[in-house]
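For reference, the structure is listed below as structure tokens.
Each value in this text was obtained by applying a stated rule to the coordinates, not by laboratory testing. Keep in mind the model is a prediction, meaning the values are calculated, not measured. Counting neighbours? That spans all protein chains shown, and the Cβs are built from the backbone with ideal geometry, glycine included.
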Amino acid sequence: MAFWNRSRRHRGSSRKRPALLLETFENNVRKVCNDSIYEHVFGNPDREVGGVLIGNKGQEGRLPWVQNAIPAISADEQRATLTFTQESWEHVHAVMDEEFPNSDIVGWYHSHPGFGIFLSEHDKFIHNNFFGDLSQVALVVDPLAGTEGVFTWQDGKIEEYFVQKTGRSPVSEASVPEAVPVRYEVTALPERKSYPALPVLIIAAIAIIAVLL
């Protein structure tokens, strides 16, 4: 039984996507939302938050198998800034290596508290440059409206696949402090297990300076 509301707005083409695979993808995404993403998004309605989706990539641009989500963690996180830094990627890969050793990054998610379901030009830049595999997707959730949408690659462009209700009660805007949009700044995505050990380099530099002094 599918979790999704079949009355949703659906614009994505399903010509190359068998119905069973579509339903499996949709149910997997909803399960991950219920398990972790909704808690992250609805628990922080005063600002944008986000993270990556993990699972297994689809072949030849097919929809991925979405298994879980890992929130973006930044050493320089501020109220109005959420930066996908080198530390963020290291955290993602550390969690993947420990808990999901056979999984891939299959997309990303972020919230638009009160802004609606769409991909801004900056969002598209991020997706084009860091989630360019044809099976990678973007999930956007608006906790104030109680809506969500998935965006997929279609004919070489990232396009809206569907928008629908989350099934959760929207957060009351009156109970939320002034919503502060977060600018997502993404550093170069390192290959898994190959990111540079920056702390080690810093320590080595300090040691060399100490010897010279």
Practice prompt. Arrange the following residues from fewest to most other Cβ atoms within 10 Å of their Cβ: L22, L144, L139.
Written response: L22, L144, L139
Fill in: Ranked list, fewest to most other Cβ atoms within 10 Å of each Cβ, for Y38, Y161
Y38, Y161
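Sorting D46, D35, D142 on the 10 Å Cβ count, fewest up front, what's the list?
Ordered from fewest to most neighbouring Cβ atoms within 10 Å, D46, D35, D142 come out as D35, D46, D142.
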Worksheet item: Rounded, prolate or oblate: which fits segment 39-175 when a ≥ b ≥ c are the square roots of the eigenvalues of the alpha-carbon gyration tensor, with rounded for a/c under 1.5 and prolate only if a/b beats b/c?
Response: oblate
Worksheet item: Quick one: if you stick a label point 7 Å off each Cα along the C-beta vector at K31 and E173, how many nm between them?
Response: 3.6
